[in-house]
């Protein structure tokens with residue numbers, strides 16, 4: 001009889017240990033929520049847009065804060081997100097973007113991004129207003145080329161031009177409206193202003209524009225508050 005109880009006791013101990021192991025594992029897994037569960041909102045409930053990255057675009061401060069899909073839409077994002085975005089989707093690779101599309105044009109303010117069939121990465125802030133310019137490292141530059149497409153503000157307004165070689169000419173949307181023929185696709189453009197040169201191309205805040213060297217003229221200076229109180233071109 002003692003042998004029988006001994007065997008039952010050993011079996012019970014083994015069963016309890018097994019149960020404790022399973023329980024501890026389940027508690028451990030429950031204590032480690034997925035990245036999606038740790039977010040304060042579900043980014044996949046936002047409108048999503050998918051495309052193939054054609055190119056990344058710099059701004060006049062020498063930082064990259066925009067990309068263009070081969071399908072046409074422009075995507076605005078904070079400069080400090082560039083490296084993470086490029087790691088997920090370098091030029092030629094597909095990218096899913098969750099964000100807000102302007103009513104009047106195909107430009108999207110990015111709120112989250114990811115590779116297809118992968119968990120999204122959520123940005124820590126919106127980027128539909130300019131950040132203060134650093135100005136260090138800027139220099140006077142002259143850009144000459146042909147407009148590929150208009151450069152769009154996050155609100156969908158023409159705010160300059162993207163040239164065929166990837167260079168960027170930025171102006172205030174209200175100023176661009178006065179010279180709209182300069183920023184349409186296929187237009188010849190010469191622009192002068194301060195900016196930077198990067199591996200992704202050159203970018204300037206234009207102060208003078210024309211369709212040739214001989215026709216370059218100074219742009220009106222924007223009034224304070226002309227672009228939502230920022231006084232610089234909308235990004």
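Within segment 57-82, the residues that satisfy the criterion of being within 17 Å of residue 204 (Cβ to Cβ) and either assigned to a strand (DSSP E or B) or assigned by TED's automatic domain parsing to the domain that holds residue 204 (or both) are 57, 58, 64, 65, 66. For segment 85-92, the criterion of a residue being in a helix (DSSP H, G or I) and at pLDDT below 95 is satisfied by no position.
Run down 95, 123, 111 and say which single residue is within 18 Å of the chain's Cα centre (by Cα) and modelled with pLDDT under 90. From the options 95, 123, 111, the qualifying one is 123.
Within segment 180-191, can one find any residue that is closer than 14 Å to residue 66 by Cα, surrounded by fewer than 22 Cβ atoms within 10 Å (Cβ to Cβ) and not assigned by TED's automatic domain parsing to the domain that holds residue 61?
no
Here's the yes/no breakdown for (1) in contact with a helix residue (DSSP H, G or I) (Cβ under 7 Å, 6 or more places away or on another chain); (2) not in a strand (DSSP E or B):
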position: 148; (1), (2): no, no
position: 159; (1), (2): yes, no
position: 174; (1), (2): no, yes
position: 177; (1), (2): no, yes
position: 186; (1), (2): no, yes
position: 206; (1), (2): no, no
position: 209; (1), (2): yes, no
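Would you say residue 11 is modelled with pLDDT under 95, over 29 Å from residue 196 (Cα atoms) and surrounded by 10 or more Cβ atoms within 10 Å (Cβ to Cβ)? The answer is yes for residue 11.
The rows are residues; the columns are (1) surrounded by fewer than 16 Cβ atoms within 10 Å (Cβ to Cβ); (2) closer than 18 Å to residue 154 by Cβ; (3) in contact with a helix residue (DSSP H, G or I) (Cβ under 6 Å, 6 or more places away or on another chain).
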| residue | (1), (2), (3) |
| --- | --- |
| 50 | yes, no, no |
| 62 | no, no, no |
| 68 | no, yes, no |
| 111 | no, yes, no |
| 116 | yes, no, no |
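The values are calculated or read from the model by the stated rules, or taken from the named source; none is laboratory data. Just so you know, these numbers come straight off a predicted model, no measurement behind them. As a convention, Cβ positions derive from the backbone with ideal geometry for all residues, glycine included, and neighbour counts pool all protein chains shown.
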